[in-house]
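Just so it is clear, none of the values below were taken in a lab; they were calculated from the coordinates. This one's a predicted model, so the numbers in the text were calculated from it and none came from an experiment. So basically every Cβ, Gly included, is an ideal-geometry build from the backbone, and we count neighbours across all protein chains shown.
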Amino acid sequence: MSNEKFILRVGAIAGALATILLVVMILIGLQIGPDLENLNSLSPTRVAELFVTSQGKLRMVMVVDDLFALAYVIAFIALAVYARRRAAIFAWIGLGFALATGALDWLENSITLGLIAYTLPDMTRLGVEALVVLNIVTQMKFLCANSAVALFGIGIWNARALNRAAAILFWLFVPLNALAFISAPLASVRILGMMALLIVGALVLLVEIRDLP
């Protein structure tokens, strides 16, 4: 097996694993309920109450999300290796944004876990400044994801129908992701969009593996 074929295979497996981990996070989030949206609030009282009522489930979400970030970063590395043939500059810049997305995701989770530990002894200790920092990290994560997805969409476009469909889905995710900042319903739809990207990305890699010698 060639090195490229191995990388694409690992990337496809990572994409499938990331999809499973995303489903696990959705299921845990459903157990927390609508209060999970308070995690993005700038109200210390609302966030502190969420920490108290759902601390165990929130910690589990952060752990799963750490693994999710690792899985999608590996999948993006494989996509960059694939996309470099058609648009090397877009592929490598896109990979840079993908790596930044993963790093910001881990930073976001680390801050959240730190705030949970800091807040639980005394709910009044949680200040709005810490929540602003968390909010900014979250926004930067999704903005980097937008850049990565847009650039990879350019790189994977070719004559194959699957690739064109995947590229279009990648590009459609960009405005959806941006609008999710101002619309709670679209924030939920964004999760389904992420799942669709992972699935089609893995399929693109799997088809390419089949065609490689």
Around GLY155: net Lys/Arg minus Asp/Glu count, Cβ-Cβ under 14 Å: +4
12 Å beta-carbon shell around LEU39, net charge (K/R +1, D/E -1): -3
Ascending count of other beta-carbon atoms within 10 Å, so fewest first, for THR45, THR124, THR101: THR124, THR45, THR101
Local net charge near ASP105, Cβ-Cβ under 10 Å (Lys/Arg +1, Asp/Glu -1): -2
Backbone HN-Hα couplings from phi across region 101-109 [Karplus 6.51/-1.76/1.60, Hz, Gly and Pro as x]: 4, x, 5, 5, 4, 5, 5, 4, 5
Full-extension gain in nm, ASN158 to ARG59, via 0.36 nm per residue minus C-alpha separation: 31.5 nm
Rounded to 10°, Cα long-axis angle of helix 161-179 versus longest principal axis of the chain: 20 degrees
Per-residue ³J(HN,Hα) for region 195-203, Karplus 6.51 cos²θ - 1.76 cosθ + 1.60, θ = phi - 60°, Hz, x for Gly and Pro: 5, 4, 5, 5, 5, 5, x, 5, 5
Estimated inter-spin distance, SER183 and SER110, nm [label 7 Å along Cα→Cβ]: 3.5 nm
Cβ-based exposure ranking for PHE181, PHE152, in which fewest neighbours within 10 Å come first: PHE181, PHE152
Candidates ALA71, ALA117, ALA83, ranked by Gaussian network fluctuation over the chain, Cα under 10 Å, top entry: ALA117
